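Structure first, then comments.
The values are calculated or read from the model by the stated rules, or taken from the named source; none is laboratory data. Keep in mind the model is a prediction, meaning the values are calculated, not measured. Note that each Cβ is placed from the backbone with ideal geometry, even for glycine, and that neighbours are counted across all protein chains shown.
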Amino acid sequence: MSHPIFLPGATIGILGGGQLGRMLSLAAAQLGYRTAVLEPGQGGPASQVCDFHIDAAYDDPAGLDRFCEIADVATVEFENIPAASLEHVAARIPLNPGVLPITTSQNRAREKAWLRKNGFPTPEYALADSPESLAAAAEKVGFPCVAKTADFGYDGKGQQKIDSAAADFTTIWAGLEAPRAVVEAWVPFEAELSVVCARSASGETAIYEPGRNVHTHHILDTTTVPSGLPPHILDEAREIATGILDALEYIGVLAVELFMTPDGTLLVNELAPRTHNSGHHTIDACATSQFEQQVRAICGLPLGSPSLHRPATMKNLLGDVWLEAPNQTPDWPAILFNGGSGTSTHLHLYGKSDPRLRRKMGHVTTLTTL
Ligand code: AMP
């Protein structure tokens, strides 16, 4: 099947208007594209820097029509766009990645079933739709385990750890506030890593150096590349990522989050059908940023080199940094201090005016020398 090519000058439509949309818009502008962002509400991170902002709900047909009139090709920066809206857009203009990869990753049960069916390793899991089936699912996968809402979960939202069969399943079920859940075996991982990767319409792939991730309170704190993990583990992680890209016939940037167990087994935790927080270092540390790569992939252009030119650590700046600072103003000179001996720091702020606890406000990437 031949895919259309969208050259600089075309307009890229982005469903979602957070920081990923902002950094995608900035990369698109550098390459001579315009961007149209559909996102409810004014003043969001992406709407501040895009060419056209459609202030409409994700399921507003008139807003989606306007979006499709302005944009030549569409993508998502946020996977939890209603399936009907994705279909609405895909019926009018090319949507990359397509409806199937996005809707598969919207639901943990669907995503895990797809991974298993296609031969990719995941933690043991079982499904639940009531306090009783939650108890049965936990018994089946073993303790400790973690219950996660099947739909619309991210950054540890809608997750509850279950330590033993004596747990109060009625309270845990009520706390999930969702009709369906996935119960996963708790993985005593030695490391968490992610592979940010891309595939073009022609089947070309580009795999970034896998990063090692550290989460705090289920939210990504740092990503470090090179990860320091054994080369055969990194090769296997790349192989899994490439296999997933090909099996999905994927077009765009994809992030594959993995656990590494103490015996060196890799298990896929989750997929993100878009650019990812663990790929932010690529802006400053790689030949092609994940955002430029997304533009290239969805527009049918050749992919850029993913090569890492400097070792890097990306650290998220959460609202906590503001709230804990005198006068709620972070010490920017200290954050921007380069540290000498070839180290350099790069600040990225997302234009959010309201720092809240655990809200992603920006990130800092520190580059060191090879
Ligand atoms: P998630 O939203 O599923 O990516 O979960 C956020 C973070 O919670 C992960 O990156 C892990 O640090 C932790 N976590 C989630 N699931 C598990 C699990 N099955 N075993 C151990 N830790 C987990």
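Values as computed for the structure displayed
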| item | result |
| --- | --- |
| Every residue from segment 316-353 that is among the charged types (D, E, K, R) and either within 17 Å of L20 (Cβ to Cβ) or in contact with a helix residue (DSSP H, G or I) (Cβ under 8 Å, 6 or more places away or on another chain) (or both) | K352 |
| Filter result for V214 (without any contact (Cβ under 8 Å) to a residue 60 or more places away in the chain, part of a strand (DSSP E or B) and within 15 Å of the ligand (Cβ to nearest atom)) | yes |
| Tally, over segment 158-191, of residues that are away from the ligand (no atom under 16 Å from the Cβ) and part of a helix (DSSP H, G or I) | 5 |
| Residue satisfying all of: in segment 35-90; part of a helix (DSSP H, G or I) and among the β-branched types (V, I, T); nearest to the chain's Cα centre (by Cα) among these | V89 |
| Whichever residue in segment 106-135 is surrounded by fewer than 20 Cβ atoms within 10 Å (Cβ to Cβ) and basic (K, R) and, among such residues, is farthest from the ligand (Cβ to nearest atom) | K117 |
| Cβ-Cβ under 7 Å pairs, at least 6 apart or on other chains, segment 117-131 side closer than 22 Å to L176 by Cα, far side surrounded by 19 or more Cβ atoms within 10 Å (Cβ to Cβ) and of a type in the set (D, E) | P123/E184; Y125/E184 |
| Residue count for segment 17-34, restricted to those that are among the polar types (S, T, N, Q) and either closer than 18 Å to T288 by Cβ or in a loop (DSSP other than H, G, I, E, B) (or both) | 2 |
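Table: residues versus (1) assigned to a loop (DSSP other than H, G, I, E, B); (2) within 12 Å of the ligand (Cβ to nearest atom); (3) at pLDDT 95 or above; (4) under 16 Å from the mean Cα position of the chain (by Cα).
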{"residue": "V195", "(1), (2), (3), (4)": "no, no, yes, yes"}
{"residue": "G203", "(1), (2), (3), (4)": "yes, no, yes, no"}
{"residue": "S227", "(1), (2), (3), (4)": "yes, no, yes, no"}
{"residue": "H232", "(1), (2), (3), (4)": "no, no, yes, no"}
{"residue": "G243", "(1), (2), (3), (4)": "no, no, yes, no"}
{"residue": "A255", "(1), (2), (3), (4)": "no, yes, yes, yes"}
{"residue": "F259", "(1), (2), (3), (4)": "no, yes, yes, yes"}
{"residue": "L271", "(1), (2), (3), (4)": "no, yes, yes, yes"}
